[in-house]
Amino acid sequence: MSVKLDNYYDLSQYVIILTGATDGIGKEMARLLSGYNPKRLILTARNKVKGNSLLEYIKISNGNAKNVEIWEMDLADLKSVKNFANKFIKEFGELHMLLNNAGYVGGTEVVNTKDGLEQQFQVNHLAPFLLTLLLLDTMKKSVSTKLPGKIAFTSSALQSTGEIDFDNLNLEKGAYWNPFKAYANTKLMNVIVAKELSRIVLNENVKTYSLHPGVIKSNISNTTDYVSYFLLSVMLFFASPTEQGAINTLYPVLSPKNKDTGKYYHEGIEREPIEVAKDREVTKKLWNVSEQLLRERGMI
């Protein structure tokens, strides 16, 4: 049974950031959110042309783009993430909802970013982790009991096949034969971070979520790896429409019925994640290692 959004949510007091908004479910999330009259909706884009196309898409779809802005940010470049956060804090100084939606599926070959990190590990985990850390104080100062903050990470059902291998966290020893293994690992990291973050901000009027949107038609991968491309093509043939994926992702975040925090949602319904996501030692080590990698690069 598919979850459904209400016809209207009043987001007029909410300043929102949504990453990964130019394609797939992010594009539909942007359209839906813009229709709920947000105080300000910041959509991030690596590509300025695609960003402008997204803005036109929103205008054509619902005509409600007066409070929507496109800001450049590239998660494959940690400096770009830090620059975005600094600019946002300086120009806005308030934030109520951070939707870490952007994601990337690689192949069987290791592709490194300019930061010297494996691309999936950085784009799916470390960059949104950095963005969240940099903006957390701003959100804590902006929210209240009546206007709680929301931090969400778009994860995947593949988190159930993921593992946290500290000896090969950044694929230092090479990629896995399974093209989705590294992706699954990073999606598990999303679940762990959301859960740990809920503990850290427990008394700060901030709720956290990790969300599997379903198998959705999207452009999440631009890999040239033939095995990955073939498997993704087969999966996407049976995929659900992007709009339903957007609804599945937004429903737990927007629904007033949802009082929980730090939970994992599968197609909008609360589910238990893989057992390792509850392991305090693994959680603490992943958090510390992630901070250390950012510290070594002068990001925090």
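The values are calculated or read from the model by the stated rules, or taken from the named source; none is laboratory data. Every value quoted in this text rests on a predicted model; they were computed, and no experiment measured them. For neighbour counting, all protein chains shown are included, and Cβ atoms are generated from backbone atoms with ideal geometry for every residue, glycine included.
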Assuming Val110 fulfils every condition listed in (1) in contact with a Gly (Cβ under 7 Å, 6 or more places away or on another chain); (2) crowded, with 20+ Cβ neighbours inside 10 Å apart from one, which condition is it?
(2)
Is there any pair linking a residue in the stretch 38-55 that is touching a residue at least 40 places away in the same chain (Cβ under 8 Å) and crowded, with 23+ Cβ neighbours inside 10 Å to one that is assigned to a loop (DSSP other than H, G, I, E, B) and among the polar types (S, T, N, Q), with Cβ under 6 Å and at least six apart or on different chains, and which?
Thr44/Thr19
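Matching residues to (1) touching a Leu at 6+ places or on another chain (Cβ under 6 Å); (2) closer than 25 Å to Ser198 by Cβ; (3) among the aromatic types (Phe, Trp, Tyr):
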| residue | (1), (2), (3) |
| --- | --- |
| Lys39 | no, yes, no |
| Leu55 | no, no, no |
| Lys90 | no, no, no |
| Asn100 | no, yes, no |
| Val123 | yes, yes, no |
| Ala127 | yes, yes, no |
Of all residues in the stretch 64-83, how many are over 22 Å from Pro38 (Cβ atoms) and acidic (Asp, Glu)?
2
Of all residues in the stretch 256-300, which are buried (at least 19 other Cβ atoms within 10 Å of the Cβ), farther than 16 Å from Arg199 by Cβ and in contact with a strand residue (DSSP E or B) (Cβ under 9 Å, 6 or more places away or on another chain)?
Tyr265, His266, Glu267, Gly268
Qualifying positions in the stretch 120-134 - surrounded by 21 or more Cβ atoms within 10 Å (Cβ to Cβ) and not aromatic (Phe, Trp, Tyr):
Gln120, Gln122, Val123, Asn124, His125, Leu126, Ala127, Pro128, Leu130, Leu131
Of the conditions (1) at pLDDT 90 or above; (2) more than 24 Å from Trp177 (Cβ to Cβ); (3) hydrophobic (A, V, I, L, M, F, W, C), Val276 clears all except one; give me its number.
(2)
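Table: residues versus (1) closer than 22 Å to Val206 by Cα; (2) among the β-branched types (Val, Ile, Thr); (3) assigned to a loop (DSSP other than H, G, I, E, B).
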site: Ser12; (1), (2), (3): yes, no, yes
site: Ala21; (1), (2), (3): no, no, yes
site: Lys59; (1), (2), (3): no, no, no
site: Asn64; (1), (2), (3): no, no, yes
site: Ile70; (1), (2), (3): no, yes, no
site: Val81; (1), (2), (3): yes, yes, no
site: Asn86; (1), (2), (3): yes, no, no
site: Lys90; (1), (2), (3): yes, no, no
site: Glu94; (1), (2), (3): yes, no, yes
